[in-house]
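So the structure is just underneath, and the comments pick up after that.
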Amino acid sequence: MRLIAFRELFRSTLSLFLVGEMMFAQVPVAPSPETTSRRTGAPQRVAGLAAILSQRITAWLFGQAGPPDDAEFVSQEVPDLMFEGLNYSVAVTMRNTGQNMWRHGIYNLNSVTGGTWGITRVDRVDDIEPGQTARFQFGITAPTTEGFYDFRWRMQKLGQWFGNPSDNVAVQVI
């Protein structure tokens, strides 16, 4: 009974906080003239953590559960120009925004474009907790015919797609 009363008491407060957070999060901030370096990693991690915490607090207070399996594309490292048949190292980073831990052997990163790159699935050796990011670094082989090829990846659990795919990169192969 006390837990229900606690939830009811803070629902309106949390709603106001989240509305304010959404309003002020959209306001761009101009860099200061003293800023000489470009820092992108820490603010992105803090923003990701804030998003996960907001989702979990909201779900707990309002009794709503998010999807058990969900993923958010974070970044990728892939050249946009490759030479026919050569091997390249690439990386795709995804954030676990679902409620389930991504367990080794059950969850993996899969090519949306099939076997274009000589590999269709990438596994991890560790488990990824909700809110954590997973960096998948792997080798690919460029196609042996010139042209433009899509590079796009997405998470799967036991063969079922979930979450947002990576941004598409149209790689030119010469």
Open item on the list: Quick check on the range 101-152: of everything there that is polar (S, T, N, Q) and free of Cβ contacts under 8 Å to residues at least 40 places away in the same chain, which residue is surrounded by the most Cβ atoms within 10 Å (Cβ to Cβ)?
Closed with: T116
- [ ] Return a yes/no flag: does the range 136-159 have any residue that is aromatic (F, W, Y) and closer than 21 Å to D69 by Cβ.
- [x] yes
Open item on the list: Here is a list: D80, D70. Which entry is loosely packed, with under 12 Cβ neighbours inside 10 Å, closer than 20 Å to P165 by Cβ and at pLDDT 95 or above?
Closed with: D80
Task: Qualifying positions in the range 137-166 - closer than 23 Å to F83 by Cβ and either of a type in the set (F, W, Y) or part of a loop (DSSP other than H, G, I, E, B) (or both) - done: F138, A142, P143, T144, T145, E146, F148, Y149, F151, R152, W153, S166
TODO: Looking for whichever is modelled with pLDDT of 95 or more and small (G, A, S) here; the options are G48, G139. Which one fits?
DONE: G139
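The values are calculated or read from the model by the stated rules, or taken from the named source; none is laboratory data. What you see is a predicted model, and the numbers here were worked out from it, not measured in a lab. Glycine gets a Cβ as well: all are built from the backbone with ideal geometry, and neighbour counts include every protein chain shown.
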